[in-house]
Amino acid sequence: MIANISYVAISIFNGISQGTQPLISESYGNGMQQQAKFLLKSGMGISILAETSIISCIWAVTDPLIGIFNSERNELLLQYAHSGLRLYFLGFIFAGINIMLITYFSATDMAIPAMIGSVLRGAAAIILCAVVLARLFGMTGVWLSFLASELITFIVILPIYRQRRPTVKATYEK
């Protein structure tokens, strides 16, 4: 159930990043770094709006969403899914931002930071967080592993962006 809903949410962020990536790449390739940066900020703004909307929606209609997948009205499933859905989707606070930053890295000739972000959020951080947090907090730790892995990815890639971002020319180019 959570995987199905999550897949739709991640698709929204992938759509935003895939829509901005060629525009950022073209701007960067034509030496218009300010425009590339503007496109990143626009993509980030849309992602933050989407993140806020998704989390608000999940929290507002948690039980009806669970009901769609819980036709037998299993009370135990409802209890687990209620807290699990809400905890898991907190990871979307950072997911859209991370996806946009990784997209920006790949579009502006920063392959290594793009790979670092992708590997962290796609495998390394999520596996580490799932194992460690499950041992520490049981099932609650499993639900929080997505949030923790996205936070770790954000903590790693944001300074890379700030440190390695392309320099902006003094004049705005069209």
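Of the trypsin sites (Lys or Arg not before Pro) in the range 59-138, the ones in a loop by DSSP (not H, G, I, E or B) with at most 14 other beta carbons within 10 Å are ARG73.
The modelled label-to-label distance between VAL8 and ASN74, using points 7 Å beyond Cα along the C-beta direction, is 2.1 nm. Estimated from helices alone, the mean residue ellipticity of the chain at 222 nm is -28000 deg cm²/dmol (sum of -39500 (n - 2.57) over DSSP H runs with n ≥ 4, per residue).
The accessible surface of the chain, taken with every protein chain in place and a 1.4 Å probe, is 65 percent carbon and sulfur.
To the nearest 20 debye, what is the magnitude of the charge dipole of the range 47-174 about its Cα centre, counting +1 on the Cβ of each Lys and Arg and -1 on the Cβ of each Asp and Glu? That gives a dipole near 500 debye. What net charge do the residues around ASN98 carry, taking every other residue with its C-beta under 14 Å from that of ASN98, with Lys and Arg at +1 and Asp and Glu at -1? It works out to a net charge of -1.
Where is the GNM fluctuation largest for the chain (alpha-carbon springs, 10 angstrom cutoff): VAL156, VAL61, VAL132? Result for the chain, Cα springs under 10 Å: VAL61 fluctuates most. Using the 1.4 Å probe convention, the accessible area of the chain works out to 54 Å² per residue with neighbouring protein chains retained.
Taking the C-alpha atoms only, the angle from helix 33-60 to the longest principal axis of the chain is near 10 degrees. Given R0 = 30 Å, the distance between the Cβ atoms of ALA124 and GLN18 translates into a calculated FRET efficiency of 0.80. Principal-axis analysis of the Cα atoms of the chain puts helix 75-89 at an angle of about 10° to the longest axis. In this label model, ARG86 and SER42 are separated by 3.7 nm, measuring between points 7 Å along each Cα→Cβ vector. For the chain, modelled as a GNM with alpha-carbon contacts under 10 angstrom, which of GLY141, GLY117, GLY67 fluctuates the most? Highest fluctuation among the options: GLY67. Calculated FRET efficiency, LEU49 and MET115, Cβ-Cβ r, R0 30 Å, to nearest 0.05? For LEU49 and MET115, the calculated efficiency is 0.60. Annotation: for a label point projected 7 angstrom from Cα along Cα→Cβ of VAL61, residues of the range 5-38 with backbone N closer than 15 Å are 5-6, 8-9.
In the chain, one over the average inverse separation of all distinct C-alpha pairs is 17.3 Å, which is the Kirkwood hydrodynamic radius.
The values are calculated or read from the model by the stated rules, or taken from the named source; none is laboratory data. In this text, all values refer to a predicted model and were calculated from it rather than measured experimentally. A quick note on method: Cβ atoms are made from the backbone with ideal geometry, for glycine too, and the neighbour counts reach across all protein chains shown. SASA here: full protein model, heavy atoms, side chains in, ligands and nucleic acids out. Shrake-Rupley method; radii C 1.70, N 1.55, O 1.52, S 1.80 Å.
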